[in-house]
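J.: Could you have a look at this structure, given as structure tokens, before my questions?
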Amino acid sequence: MAGLNLRFTEEELDSLRSRAEAEGKSMQAFAHDAVITAINEHARLFNEAADHVLKASEELNRRLG
């Protein structure tokens, strides 16, 4: 599996350590899960916006087609 190095301030690293500990995860597992969650949320929001635009322009697209 490919890796990625991330840089954090000491405060950010302390926060990451605390949150990971609270969830019973390693910092690596916690950071991985957070990134994947952000990616999935971005994709969900994009798809939601695309659906909205398609519905809003449905009549216009029908007339132009």
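J.: With axes computed from alpha carbons, what is the tilt in degrees of helix 10-22 against the longest principal axis of the chain, rounded to the nearest 10 within 0 to 90?
T.: In the chain, helix 10-22 runs at an angle near 90 degrees to the longest axis.
J.: How many Å² of accessible area per residue for the chain, probe 1.4 Å?
T.: Per-residue accessible area for the chain comes out at 93 Å².
J.: In the set [x] 17, 30, 20, 14, 12, 6; [y] 17, 39, 28, 13, 3; [z] 20, 59, 18, 3, which value of P(r) over Cα pairs in 10 Å bins from 0, in percent was calculated from the structure you see?
T.: Only one listed value fits the structure, namely [x].
J.: Leaving ligands, DNA and RNA out of it, report the carbon-plus-sulfur percent of the accessible area of the chain at a 1.4 Å probe.
T.: Solvent-exposed carbon and sulfur of the chain make up 57 percent of the total.
J.: Could you please put 27, 1 in sequence from largest to smallest accessible area, using a 1.4 Å probe? Show your work: numbers first, answer last.
T.: On the way: 27 65, 1 225 Å².
Order by accessible area, largest first: 1, 27.
J.: Another question about this same structure. Got a sec? Charge dipole of the chain, +1 on Cβ for Lys and Arg, -1 for Asp and Glu; which of 16, 43, 53 is way out at the positive end?
T.: Farthest along the dipole direction, towards plus: 53.
J.: Among the GluC sites (Glu not before Pro) in the chain, which ones are in a DSSP loop with at most 16 other Cβ atoms within 10 Å of the Cβ? Mind listing them?
T.: 23
The values are calculated or read from the model by the stated rules, or taken from the named source; none is laboratory data. On a predicted model such as this, the values are computed, not experimentally measured, just so you know. Ideal geometry is used to build each Cβ from the backbone, glycine not excepted, and the neighbour counts take in all protein chains shown. Ligands, DNA and RNA are excluded from the accessible area calculation, which covers all protein heavy atoms including side chains. Shrake-Rupley method; radii C 1.70, N 1.55, O 1.52, S 1.80 Å.
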